[in-house]
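The values are calculated or read from the model by the stated rules, or taken from the named source; none is laboratory data. Treat the numbers as computed from the prediction; the structure is a model and nothing was measured. When we count neighbours, we look across all protein chains shown, and the Cβ atoms used for this are built from the backbone with ideal geometry, even at glycine.
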Amino acid sequence: MKLKDRSTPEKLRLKDKALRRGGSLILKILLYVLLIDLVYIFLFPFLYMLVTSFKSPEDLLDVTINWIPSGLYVKNYRMSFEILQYPTRFLNSFLVTFLATLGHVFSCAYVGYGFARFKFKGKGFSFVLLLLSIIVPIQTIIIPRYLMFSAIGLSTGSVPLWLPALFGYGLQGGLFIFIFRQFFLSLPKSLEEAASIDGCGPLGTFFRIALPSSRSSVMVVLVLSIVWHWNDYYEPSIYIIDQEKYLLPMMLPDLYSLMNGAAATAGSGEMENVFTEGVAMAATTLTVLPIFIVYMFLQKRFVQGIEKSGITGE
């Protein structure tokens with residue numbers, strides 16, 4: 001009887017442990033199912049775009065071919081490369097993105113450092129306006145901005161896309177200032193005090209101490225600015241009128257009309273090869289490909305920058 005009594009609590013403990021393990025296993029299964037569903041939602045458009053871009057006209061008409069094309073139909077990419085006028089549009093997009101990103105990194109870091117380290121009248125009110133610039137969508141202020149640039153004769157080109165970035169504004173400039181401010185608030189003041197003792201003024205301290213120390217925040221702003229400026233369609237469509245200055249994303253809405261025009265001048269036997277969904281998906285892939293390449297190289301540093309930039313700091 002004593003042996004039986006001793007074994008009963010042991011059995012209960014083993015049973016409780018097994019139940020816990022079973023419950024933990026169920027939670028893990030549910031978590032993985034949820035993560036797989038989320039991954040599928042995010043990756044499905046990209047997988048569909050990539051697979052369709054390699055489908056031949058025959059594959060597009062064959063209902064039995066869904067995810068695996070019968071072959072890699074690279075002619076879609078050659079056609080979309082010509083229709084997009086890729087070298088010219090790529091250069092236009094690159095120049096706008098480069099100038100805007102360069103302006104955002106330096107100007108937003110400078111303004112963010114000022115908010116974090118200096119006291120001045122109206123600082124709180126100015127910071128509230130900064131937060132409002134993050135919240136208010138560009139669509140609500142595009143008319144006064146257009147009128148402002150029109151008054152100085154800069155409303156019909158790419159200048160309005162990168163000039164505001166030189167002054168800490170532009171596309172999501174307020175957010176970038178906020179990111180830098182949060183980092184500089186967490187930066188030890190002893191570094192700047194030591195630089196001041198060595199004879200560094202405010203500008204010297206910023207460029208020699210603060211900015212080099214904010215590499216994590218610079219990486220976050222760099223990646224976000226590149227992605228947002230490269231993919232932006234709304235503002236370029238407002239300011240850029242000359243088709244020779246079109247950016248790559250601006251070509252995509254007009255892609256079908258351009259291909260229809262090419263199809264109208266082609267022979268009847270070639271029309272099927274000119275206007276297909278595969279060509280449209282190939283053009284979209286070529287448009288976002290530079291962003292994929294940039295993120296592939298900067299992904300690790302970008303994630304580390306998110307962790308170190310102090311976005312969630314006080």
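For region 234-293, the helices (runs of 4 or more DSSP H) that sit wholly inside it and include 3 or more residues that are at pLDDT below 85 are 255-265, 271-274. Scan region 102-114 for residues that are farther than 16 Å from Leu187 by Cβ and surrounded by 24 or more Cβ atoms within 10 Å (Cβ to Cβ) and the total you get is 1.
Against the test of being modelled with pLDDT of 85 or more and surrounded by 14 or more Cβ atoms within 10 Å (Cβ to Cβ), the options Tyr86, Tyr48 yield a single qualifying residue, Tyr86. A residue that is touching a residue at least 60 places away in the same chain (Cβ under 8 Å) and either within 30 Å of Leu60 (Cα to Cα) or surrounded by 16 or more Cβ atoms within 10 Å (Cβ to Cβ) (or both) cannot be found anywhere in region 125-145. Taking the conditions exactly as written (farther than 20 Å from Leu222 by Cα and not in a loop (DSSP other than H, G, I, E, B)), does Leu130 satisfy them or not? Considered against the rule, which asks whether it is farther than 20 Å from Leu222 by Cα and not in a loop (DSSP other than H, G, I, E, B), Leu130 comes out as no.
Where residues in region 174-203 are out of contact with any Ser or Thr (no Cβ under 6 Å at 6 or more places or on another chain) and under 12 Å from Tyr110 (Cα atoms), which of them is surrounded by the fewest Cβ atoms within 10 Å (Cβ to Cβ)? Looking at residues that are out of contact with any Ser or Thr (no Cβ under 6 Å at 6 or more places or on another chain) and under 12 Å from Tyr110 (Cα atoms), I get Leu203.
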